[in-house]
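These notes concern the structure reproduced below.
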């Protein structure tokens, strides 16, 4: 579904691969990246787009498959970014943010493309023109060394409605290229009963939906950090996770990423 008007705005962000490690305490979520670069799968989607539900289901399938393979060193990190430019054609997506519309535009331009559309997949910052034929191949490509980039995430519930997030990032060769850190809080098991627009009458289910977004935070002298207490009203449902990634602001390449398992208030 192509977007009905051109965009030339620019915003920065991106997601990459990960290795998950569960903390000993059930109330703390931790993750640490490995030596190889994980695969960040970004999906730009909308509940107002009739061609998006199959892509949403594919992202959910990828996430389920990744969770079952938690012992692997190379991980796939799925994330759904709901855009708002279809909100005017009959149904307002409750998960859409204008920030993700701007990010999609920036990522398209960084890939030297011109057209915004949904569903729209990017793998490690690279656009896929036809996700049905290209997505599996992009995910299965030979893992790359992460160029010395490492990330560690720790998330601690602060009561039933807040999450304290700390991220440390390091780059082995800081002079190679500028990098920026992004952090997101994602949520699973979201759904809507759509009563208008192209998906009228459908129940739509979603996983890995970006709910909070922070960054960019510059990498200076080979290091970066992020500390924030985030309001997470649905923390008690056990479907919240934290994702962090390092991205090149010039090319949109994602060089490393991590994601926690489910974070739940004790």
Which of 42, 129, 58 has the fewest other C-beta atoms within 10 Å, and how do the rest follow up to the most? 129, 58, 42
The chain: most fluctuating residue of 82, 206, 112 per GNM, C-alpha cutoff 10 Å: 112
Which number do you get for Rg(Cα) / (2.2 N^0.38 Å) in the range 37-193? 1.11
Of all DSSP beta bridges in the range 20-259, what percent run antiparallel (nearest 5)? 90 percent
Using Cα centres only, tell me the gap between the range 93-153 and the range 173-227 in whole Å. 11 Å
Expected max-MSF residue from 188, 124, 237 in the GNM of the chain (alpha carbon, under 10 Å) is 237
Can you give the FRET efficiency to the nearest 0.05 for residue 193 and residue 162, using r as the Cβ-Cβ distance and R₀ = 25 Å? 0.30
For the chain, the Rg and Dmax computed from alpha carbons only, in angstrom: 17.4, 53
Please state the shape class of the range 118-266: rounded when a/c is under 1.5, otherwise prolate if a/b exceeds b/c and oblate if not, all from the C-alpha gyration tensor. oblate
Placing each pseudo-label 7 Å from Cα in the direction of the beta carbon, residue 177 and residue 140 end up separated by a distance in nanometres of 2.6 nm
Among 153, 232, 242, which one shows the biggest mean-square fluctuation in a GNM of the chain, springs joining Cα atoms closer than 10 Å? 232
The chain, helix-only ellipticity at 222 nm - DSSP H runs n ≥ 4, -39,500 (n - 2.57), divided by all residues, nearest 500: -4500 deg cm²/dmol
Quick check: pseudo-label points 7 Å beyond the Cα along Cα→Cβ at residue 132 and residue 234, how many nm apart are they? 3.0 nm
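No value in this document is a laboratory result; all are computed from the given coordinates. Fair warning: this is a prediction, and the values are worked out from it, not measured in the lab. Note that we place each Cβ from the backbone using ideal geometry, even for glycine, and neighbour counts take in every protein chain shown.
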